[in-house]
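One structure is given here, and the rest of the page talks about it.
The values are calculated or read from the model by the stated rules, or taken from the named source; none is laboratory data. Model, not experiment: these values are computed from the prediction. Cβ coordinates were reconstructed from backbone atoms using ideal geometry, including for glycine residues, and neighbour counts include every protein chain displayed.
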Amino acid sequence: MRKVKITVVRTLSAKDLHGDIPANLSSKVGCSANLTPTCQVFVEGQEFIWPSGGNAAPEGFRCAGAWDDIHRHITVLPLGGKHYWMNEEGKYLTCCTDGFRPVIFRLDRLEEETK
C-alpha cells in the first residue's frame with residue numbers, strides 16, 4: 001500500500017473568516033469572546049506520514065476532530081483513487097470543520113509502495 005503525506009497548508013482565524021466580531025456580538029455567531037485566535041494544535045508547514053491501512057491517525061497528529069474530518073479523503077488515495085476536480089492525480093486539499101479556526105491540509109499520495 002502507498003503512504004500518504006499530510007501537510008498543514010494554512011491555519012485560519014475567526015477574523016480571517018468572519019472579520020472583526022465585537023464582544024457583544026460574539027454570542028450571535030456562536031463563539032466566545034475569548035476564543036483562541038487560531039488552532040493551537042497545528043503549525044503551517046507541519047507534515048505527517050500516514051502509513052495507510054487502519055483508522056489510526058499518524059504519529060504526532062494530535063486532533064481527533066481533524067482526523068475524523070480528513071480520514072475519509074485520505075483512505076481513497078493509497079488505493080489509486082482520484083478526486084476529479086484536482087489538477088494532479090494523487091493529491092487532495094481538505095480541511096477540518098472548525099468553523100472558527102479551520103486548518104487546511106494537503107494530502108499527497110506517495111508513489112513508493114510499502115509491504
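The table below gives the values:
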| item | result |
| --- | --- |
| Residues satisfying the stated conditions in region 60-103, i.e. under 11 Å from Ile6 (Cβ atoms) and of a type outside the set (S, T, N, Q) | Gly60, Phe61, Ala66, Trp67, Ile70, His71, His73, Ile74, Leu77, Tyr92, Val103 |
| Qualifying positions in region 76-100 - of a type outside the set (S, T, N, Q) and in contact with a strand residue (DSSP E or B) (Cβ under 7 Å, 6 or more places away or on another chain) | Leu77, Pro78, His83, Met86, Gly90, Lys91, Tyr92, Leu93, Cys95, Cys96 |
| Subset of region 40-92 (residues that are exposed (fewer than 12 other Cβ atoms within 10 Å of the Cβ), touching a helix residue (DSSP H, G or I) at 6+ places or on another chain (Cβ under 9 Å) and not hydrophobic (A, V, I, L, M, F, W, C)) | Gly53, Asn55 |
| Among residues of region 74-107, those that are in contact with a Ser or Thr (Cβ under 9 Å, 6 or more places away or on another chain) and either at positive phi or modelled with pLDDT of 95 or more (or both), counted | 5 |
